[in-house]
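Asks: Would you mind keeping the following structure in view while I ask a few things?
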Amino acid sequence: MKYDCIVKNGLVVYPERTLKADIGIARETIGKVAPPGELEGKEEIDAQGCYVLPGVIDPHTHPVYMDNISDLSRTAVWGGVTTVIHYAYARPGDSLIEKIEQYREEGESTSYIDFALHGGLFETMKQADEIPEAFRLGVTSFKVFMSYAKLGWMTDDYAMTKAMDIISSNGGMAAVHAETGLAIDYIQDKLLAEKADFAERFLETSPDVAEAEGIFRAVSIGKLMGCPVYIPHISSSEGLKVIRFLKTNGFKVYAETCPQYLGLTWDELKARGPLGKVGPAIKTENDRKALWKAVEEGVIDTIGSDHAPKDKKEKDDFFDAPYGSPEVETMLPVVWQYGVNTGIITPNRVAALLSENSAKITGLFPQKGRLDPGSDADMVIFDPAEKWIVSARNQHTNATYTLFEGKELLGRVKRVLSRGKLILDGDNFLGEKGDGRFLKSKAGKWPWR
């Protein structure tokens, strides 16, 4: 059989093994993985000297700030991401269903890559009643916030219990921004009264103990309601202690961290002021090391970018500046630099953390997340030997900054295929707007550990 395209001479990466192999692509899916030289194709892509990874799945993106759905999908491709899962936030007064339909329509007409959706609840007592209809639309995971009461985002325990009960009854998964929100609000008010330097004392407003308490409370409520809980953006060693305890004792919990927590500390970001303001805060070197230990040991299930580029500058007022940063394009190279190049994890672990695990947790597997026959031909050709320096000038987000400015990385995305189509070839972006398809999820079914 002559395949439409073969990717040849690369090191094909799975969580459990790495093969020197060629991949035959038939239309949009993988037809066969075979020893080098066995396959014939109408077109050939030479991956000599490179790893061939499954397309990255980013389970944590926010396309409502400086990058809309189209912009975000484009910058994602430059980082080797072939599937994004956006949070469709229903702000107070919004209909959850209308937001989901709006995101789907915009994504199907403007996204360069495939996408799924999480629902996001801000007025949870009211919007939770729309969850069953969201399931019928193919959205099966829903996020609430335990923090940001002053912004009108916080969900109290009663409303969270209601939402988790409905999610569980329909067979889905809750995602929770887990922090002791009201205590954090008090600490911020106290520092305001003291006229404190917020950049200098930022970590006081995002305490590790608050994260740990929030995680325990959220997952405990999930247990009461029989609802699996996904904890995004874990940032602290204290939070990890709770995750370890919960997993050891059989609680239904999945754990995510982000590249900014794995590659940076607040000590080095402090001088950049509001640009480094994310929530939860990027913390200490001890926290960073603890996160890598958890990644190495499998306590962390996934890595997501939390891509939320906000319009801010170093000289802006720190307290008034919004939380968030651009992360999707640097996620894979940052994880490679600080994980693989330091010997903490292998390329195989990268394939699990950035692709297969997210696909399984969100129910997109085996269509997504793995380089097996029958799966979508989403893949990244990654050169582990290319050195480059991160700069806002070589990023493709609309944000004018990157938290990794000036960092030298070893390893770079060279080519990206989405459903068998070459959409990035070196410095040439070949994607077409509207090629992305909406993916219905089936979240929370993968056995938790």
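Rule-based calculations on the coordinates, nothing more; no lab input. Because the structure is predicted, anything quoted here is derived from the model rather than measured. When we count neighbours, we look across all protein chains shown, and the Cβ atoms used for this are built from the backbone with ideal geometry, even at glycine.
Asks: Which shape class applies to segment 1-45: rounded if a/c is under 1.5, otherwise prolate when a/b exceeds b/c and oblate if not, where a ≥ b ≥ c are the square roots of the Cα gyration tensor eigenvalues?
Replies: Prolate, since a/c reaches 1.5 and a/b exceeds b/c.
Asks: Also: Rounded to the nearest Å, what's the spacing between the alpha carbon centres of segment 385-430 and segment 33-109? Just the number, please.
Replies: Between the Cα centres of segment 385-430 and segment 33-109 lies a distance of 15 Å.
Asks: Could you let me know the centre-to-centre spacing of segment 251-280 and segment 178-195, using Cα atoms, in angstrom?
Replies: Result: 19 Å between the Cα centres.
Asks: Ordered by packing density, taken as the mean number of other Cβ atoms within 10 Å over each peptide's residues, highest first, how do 182-189, 51-58, 362-369 rank?
Replies: Averaged packing, sorted descending, gives the order 51-58, 362-369, 182-189.
Asks: Hey, another quick one. What GluC sites (Glu not before Pro) in segment 165-269 are in a loop by DSSP, with at most 15 other Cβ atoms within 10 Å of the Cβ?
Replies: Glu194, Glu200
Asks: With +1 on each Lys and Arg Cβ and -1 on each Asp and Glu Cβ, and nothing else charged, work out how big the dipole of the chain is about its Cα centre, in Debye to the nearest 20.
Replies: 920
Asks: Tell me, rounded to the nearest percent, the portion of alpha carbon pairs in the chain spaced more than 41 Å apart.
Replies: So the portion of pairs separated by more than 41 Å is 12 percent.
Asks: Here's a follow-up. Choose one answer from Met154, Met125, Met379: the residue with the largest mean-square fluctuation in a GNM of the chain with alpha-carbon springs under 10 Å.
Replies: Met125
Asks: Set the bar at 21 Å for Cα to Cα. Now go through Lys126/Lys162; Lys2/Lys32; Lys162/Lys241; Lys223/Lys247; Lys162/Lys223; Lys247/Lys445 and name every pair that lies beyond it.
Replies: Going by Cα-Cα distance, Lys162/Lys241 fall outside the 21 Å limit.
Asks: With the contact rule set at Cα under 8 Å and sequence spacing of 6 or more, what percent relative contact order holds for segment 333-449?
Replies: Across segment 333-449, relative contact order equals 27 percent.
Asks: Moving to a separate point now. Using the Cα gyration tensor of segment 207-336, with a ≥ b ≥ c the square roots of its eigenvalues, what is the shape: rounded (a/c below 1.5), prolate (a/b larger than b/c) or oblate (neither)?
Replies: Prolate shape, in that a/c is at least 1.5 and a/b is the bigger ratio.
Asks: Set Lys and Arg Cβ to +1 and Asp and Glu Cβ to -1, take the dipole of segment 56-362 about its Cα centre, and tell me which of Val229, Ala183, Asn348 lies farthest positive.
Replies: My answer, from the dipole projection, is Asn348.
Asks: Can you tell me which of 164-172, 102-110 comes out highest on packing, and rank the rest after it, using the mean Cβ neighbours within 10 Å?
Replies: So the peptides 164-172, 102-110, ranked by packing, come out 164-172, 102-110.
Asks: Set Lys and Arg Cβ to +1 and Asp and Glu Cβ to -1, take the dipole of the chain about its Cα centre, and tell me which of Leu371, Pro132, Met164 lies farthest positive.
Replies: Projecting each Cα onto the dipole axis, the largest value belongs to Leu371.
Asks: How high is the relative contact order of segment 56-362, in percent, with contacts defined as C-alpha pairs under 8 Å that are six or more residues apart?
Replies: Across segment 56-362, relative contact order equals 18 percent.
Asks: Sort segment 117-217 into rounded, prolate or oblate with this rule: let a ≥ b ≥ c be the square roots of the eigenvalues of the Cα gyration tensor; rounded if a/c is under 1.5, and if a/c is not under 1.5, prolate when a/b is larger than b/c, oblate otherwise.
Replies: prolate
Asks: Only sites in a loop by DSSP and with at most 12 other Cβ atoms within 10 Å count here; which trypsin sites (Lys or Arg not before Pro) in segment 1-47 make the cut?
Replies: Passing both the DSSP loop test and the Cβ count: Arg17, Arg27.
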